[in-house]
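A short reminder: the numbers here are calculations on the coordinates, not readings from a lab. What you see is a predicted model, and the numbers here were worked out from it, not measured in a lab. For neighbour counting, all protein chains shown are included, and Cβ atoms are generated from backbone atoms with ideal geometry for every residue, glycine included.
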Amino acid sequence: MSLAIVWLRRDLRLADNPALHAACAAHDRIVPVYIHAPDEEGDWPPGAASRWWLHHSLASLAASLHGHHATLHLRAGDSLGELTTLIRATGAEAVYWNRLYEPAVIERDKRVKQALREQGVAAHSFNAALWREPWQIATKTGDPYRVFTPYWRNLRTQIDDADPLPVPQPLRGATADGGVSIESLELLPRIGWDAGMAAAWTPGERGAQELLELFADDAVNDYAEGRDIPSRHGTSRLSPHLHFGEISPRQAQAGLKALLDRRGGKRPDVEPFLRELGWREFAHHLLFHFPDTPTGNFNAKFDRFPWAEADQALLERWQRGRTGIPLVDAGMRELWHTGWMHNRVRMVVASFLTKNLRQHWHHGARWFWDTLVDADLANNSLGWQWVAGCGADAAPYFRVFNPVSQSHKFDAKGEYLARWIPELASAAPALRHEPWKDPSLLRRSGYPAPMVDLGESRAAALQAYQAVKG
């Protein structure tokens, strides 16, 4: 009887799982295993919010496998060592997994694949996270893309036939001795700060499909404009599910099409949504070809940029949503409470940190890494470098998002501000955007005055930019 191990990582789903599908097709039985090895992720082990999500995603996957009469085996420690132990215990003749693209994980996976093959064990890896592998999309000269629009133009021609795989039938699981419990991984916080995340999210494959259905029923109809309104659920909110592999881009694209076809009527324009998935894909393309981008400026000129000295007190006010700038504070409080922030607001809070406060983008990237449930090394690095002006296809440094004009434009009635800054909820909508115009409101509410003057700090940032301009 042929048996294989399916090594699950951030592909925590049964449908459209190429490694699982191939293993079930080629072998009589499989042993699905998740190995918790955060130390093997280099300088970027999962942050606190990601660990919370991982706990619940693993529990969801274990329940799904149980429904197919299979068991999710949990292990912790050295990945190669745990795989070797499991191979010896089960007599497995092959190991299957889906690829990841972070630099430290790529190197780990290469070592594991080589070691397994030296042991006489077949090792097979697949693409489950992206429409196309980072090395499959190149310019006419064979080089990696550095600008999104031509990258997307190329990728867009290759994805319409990307049909997702079904759940393998039958899925024949095998048992194995040993392993650990999910509780022993200690992924959940020891103090109860996660209630807001629990109320906002349903980690797991089913939760991803439910969000896709909600998106098809409502938000996709007005996505091009609605995605910019933070008071609405105008986006798909699939980013954490995509990061943990609870849904794939293929499933999102094909599933949305099927849902819209079933509904009938006038079909909304889904291209803006697909383009956002393409931006995610571009981030992985860049991380693969330029692995230093999580810490190094993509535009080397910014190595000369005169960042302000790190100020812990200032950073803590930004982190806790106490800057005195309402849209920035609302976004940071939403992040702390739910583990997520609206994308329009992410750009504003990042611009405020890197331009108005002139703090290095590293500080923001690290805070997001720890507090976002969708913390993804490729997207986090691209996003922060884009706003800071030093990345690939970046917004020019002199583009400084004005938080006041942004909140007036995208939260005209101050509904988003009122939700996340209850001190200002009773104020007139106009004052929610600029509460400093009424000093008595600040005194009554306890909301702080602005920590910097937006105009003066913008001018100082532009003056600092002269050091790298040209």
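Worth pointing out:
- Eigenvalues of the alpha-carbon gyration tensor of the stretch 407-447, scaled by 5 and square-rooted, set the equivalent ellipsoid semi-axes at 17, 11, 7 angstrom, largest first.
- Computed from label points 7 Å out along Cα-Cβ, the spacing between A115 and W279 is 3.9 nm.
- Three principal axis extents of the stretch 238-364 based on alpha-carbon atoms, in descending order, are 56, 36, 25 Å.
- In the frame of its principal axes, the stretch 296-447 has Cα extents of 47, 30, 29 Å, reported largest first.
- Per DSSP, loop trypsin sites (Lys or Arg not before Pro) in the stretch 132-230 with at most 10 further Cβ within 10 Å: K140, R190
- Longest site-free stretch - the chain; sites: GluC sites (Glu not before Pro), DSSP loop, at most 15 other Cβ within 10 Å: 310-470
- In the chain, helical runs assigned H by DSSP with n ≥ 4 each contribute -39500 (n - 2.57); averaged across all residues and rounded to the nearest 500, the mean residue ellipticity at 222 nm is -14000 deg cm²/dmol.
- With the largest listed first and rounded to whole Å, the semi-axes of the equivalent ellipsoid of the stretch 186-309 from the Cα gyration tensor are 31, 22, 15.
- Convex hull (Cα only) mean projected area of the stretch 151-226, reported in nm² to one decimal: 10.4 nm²
- DSSP-assigned coil residues among chymotrypsin sites (Phe, Trp or Tyr not before Pro) in the stretch 193-298, each with at most 15 further Cβ atoms within 10 Å: W193
- Each of the peptides 338-346, 11-19 was scored by the mean count of other Cβ atoms within 10 Å over its residues; in descending order, highest first, they stand as 11-19, 338-346.
- Summed residue charge, Cβ within 12 Å of F305's Cβ, Lys/Arg positive, Asp/Glu negative: +4
- Inter-centroid distance (Cα atoms) of the stretch 81-122 relative to the stretch 1-63, Å: 13 Å
- Alpha-carbon Rg with Dmax, taken over the chain, Å: 23.4, 78
- Residue-span extension gain [A460 to A224] - 0.36 nm each, minus C-alpha spacing: 81.6 nm
- Per residue convex hull volume, Cα atoms of the stretch 3-128, in Å³: 98 Å³
- Between N343 and D163, the C-beta separation translates, for a Förster distance of 41 Å, into a calculated FRET efficiency of about 0.90.
- Distance between the stretch 176-192 and the stretch 378-437 - C-alpha centres, whole angstrom: 38 Å
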